[in-house]
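Engineer: Take this structure, written in structure tokens, and hold onto it; I'll ask about it next.
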Amino acid sequence: MTAITETDLQALQRRVRSILITGQVMAGLGMGATLSMGAILAGRLSGSEAWSGMAATMSTLGAAVAAVPLARLAARSGRRISLFTGAVLAAAGAVTTILATVVELFPVLLAGLALIGVGTAVNLQSRFAATDIANDKTRSRDLSFVVWATTVGAVSGPNLITPGEALGSFLGLPELAGPFVFTLAAQSLAAVVYVVGLRPDPLLLAKELSRSPSPGHNLGPSVDNVVLARTAIVSIALSHATMGSVMAMTPVHLVNHGASLAIVGFTISLHIAGMYALAPLFGILSDRIGRIPTILVGQAILLASLLFTGFGSENELAVVVGLILLGLGWSAATVAGSTLLTESTVIEKRASRQGVSDLLMSGSGAAGGALAGVVLAFLGYNGLSFVTVLLVAVVVIRIALTAQKGTGAPRGVAEPITYDI
């Protein structure tokens, strides 16, 4: 293997990060344009609005089911092939959804939406790909920039719905199929970006460097730290469940209390901005004060959010503030938790363990959203907020137990970053 200097590695990392950000923007545009359309299509093709929620369910299920296989593919063949494959499957989902709209078959629509959901699994894996050859001092920041790129698609994607309908009519397709043409184009472009741009493959290169380490190439631990890895997985999954539970029920609560659809849309938009727009801030914070302290900052913000939505459930402004804080808390915990998981796992096991984390993240979000409806029905929106505090408590307790065991950074890793709390 040709020797790679630290300067070369940093330059390559910058290019990898740029490729991943570009892919995230492309995929985000496609996903953002179709989430709302999926719900509308599900209601129309099934003949009942009761089935409209299946759009989000199938998309989440697709992401969860694809997480581990894509991770295993990355472990075997590298990030380039894994991300390319996932984007191609998402593009195939767009084709299937367009076909379902034309032939008006609800089961085909569900299959298409599940395949589109694979794009979410690609987005999740992309943040981990940003850490493969990253430097210890900037690993969390690099990951957070890829998370931030989702903002572009999340904000711009829904604005493509009207042009998408016009495009559908121009192509002779049903109007509701039009936005999925954008999804097809965006995911196809993302696939090309990944397969062309990720050369050399960052994960395969990291594995090669780990077998012949050089001074300055500090790409991961030489020994697994299972306790820290499990703490990271718990933090990511439960923070996602906290966010998903309250967010999913907020539109229902606001509408039932007389809020206009404009207020509902504005609230969710601010929440999404909180999730992604300030991710680099938490990445920088995580690099400076440590991963676990930043996870705890996230839990504190989540707690503040739940207090706003719990005690201020009848006040629209309090709910809006609560939703913004909900997004910010999720961002801090996800960025720091994802970095901690990477740094606690040896390179040979890293992709597979990250896939398990993504599976649990998607699964906990789906379960949280489903159970939130039941809790809302029995305890109301404020009751849901107070019950969800238990999830925050579990994360804090898990971190306290980790600290009690005296678990620090894995041996063999230079320690500019501390895990002490």
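Since every read-out is calculated from the coordinates, none of them should be taken as a lab result. Computed from a predicted structure; not experimentally measured. Counting neighbours? That spans all protein chains shown, and the Cβs are built from the backbone with ideal geometry, glycine included.
Engineer: Provide the FRET efficiency to the nearest 0.05 for the Val192-Ile397 pair, computing r from the beta carbons and using R0 = 56 Å. Write down the numbers at each step before the final one.
Structural biologist: Values: r = 46 Å, r/R0 = 0.82.
According to the calculation, E is roughly 0.75.
Engineer: Turning to a different aspect of this structure: So, in Å, what gap is there between the alpha-carbon centers of the stretch 323-366 and the stretch 369-388?
Structural biologist: So the separation of the two Cα centres works out to 24 Å.
Engineer: Mean Kyte-Doolittle of at least -1.0 and a Cα length of 24 Å or more along the axis: which whole DSSP H helices of the chain meet both?
Structural biologist: Details: long enough: 6-32 (38 Å, 0.19); 54-77 (33 Å, 1.08); 79-103 (36 Å, 1.50); 106-129 (35 Å, 1.38); 139-156 (28 Å, 0.52); 178-197 (29 Å, 1.64); 226-256 (45 Å, 1.27); 291-311 (30 Å, 1.59); 316-343 (41 Å, 1.50); 347-404 (46 Å, 1.11).
For the chain, where a helix must reach 24 Å along its axis and average at least -1.0, the hits are 6-32, 54-77, 79-103, 106-129, 139-156, 178-197, 226-256, 291-311, 316-343, 347-404.
Engineer: From the helices alone, meaning DSSP H stretches of at least four residues, give me the mean residue ellipticity at 222 nm for the chain, per-run term -39500 (n - 2.57), in deg cm²/dmol to the nearest 500. Don't jump to the answer; show the numbers that get you there.
Structural biologist: Working: 15 runs with 335 residues, N = 421.
Value at 222 nm, helices only: -28000 deg cm²/dmol.
Engineer: Work through the residues other than Val356 whose Cβ is under 14 Å from its Cβ and net out their charges, Lys, Arg +1 and Asp, Glu -1. Don't skip to the end; give the middle numbers.
Structural biologist: Working: positive: Arg72, Arg230, Lys349, Arg350, Arg353; negative: Asp224, Asp358.
With Lys, Arg at +1 and Asp, Glu at -1, the net is +3.
Engineer: Please enumerate, by chain and number, the lysines with C-alpha under 25 Å from the C-alpha of Lys405, excluding those fewer than 8 residues away in the same chain.
Structural biologist: Cross-link targets: Lys349.
Engineer: Give the relative contact order (percent, whole number) for the chain; include only Cα pairs under 8 Å separated by 6+ residues. Mind showing how you got there, number by number?
Structural biologist: On the way: 805 pairs, mean separation 97.4, N = 421.
That works out to 23 percent.
Engineer: Run the quick spin-label model on Val389 and Leu371: label points 7 Å from Cα toward the beta carbon, then report their separation in nm to one decimal.
Structural biologist: Taking the simple label geometry, Val389 and Leu371 are separated by 1.8 nm.
Engineer: For the chain, with only Lys/Arg (+1) and Asp/Glu (-1) charged at the beta-carbon, what is the dipole magnitude about the Cα centre, in debye rounded to 20? Don't skip to the answer; put the middle values down first.
Structural biologist: Details: 24 positive and 20 negative charges, 208 e Å.
With only Lys, Arg, Asp and Glu charged at Cβ, the dipole is about 1000 debye.
Engineer: Under the 0.36 nm per residue contour assumption, what length would be gained going from the current alpha-carbon distance of Leu281 and Ala166 to full extension? Kindly include the intermediate steps, with their values, before the conclusion.
Structural biologist: On the way: separation 115, 0.36 × 115 = 41.40 nm, distance 3.86 nm.
Between Leu281 and Ala166, full extension yields an extra 37.5 nm.
Engineer: What size of dipole, in debye to the nearest 20, comes out for the stretch 6-211 about its Cα centre when the only charges are +1 on Lys and Arg C-beta atoms and -1 on Asp and Glu C-beta atoms?
Structural biologist: Working: 15 positive and 11 negative charges, 150 e Å.
Value, rounded to 20: 720 debye.
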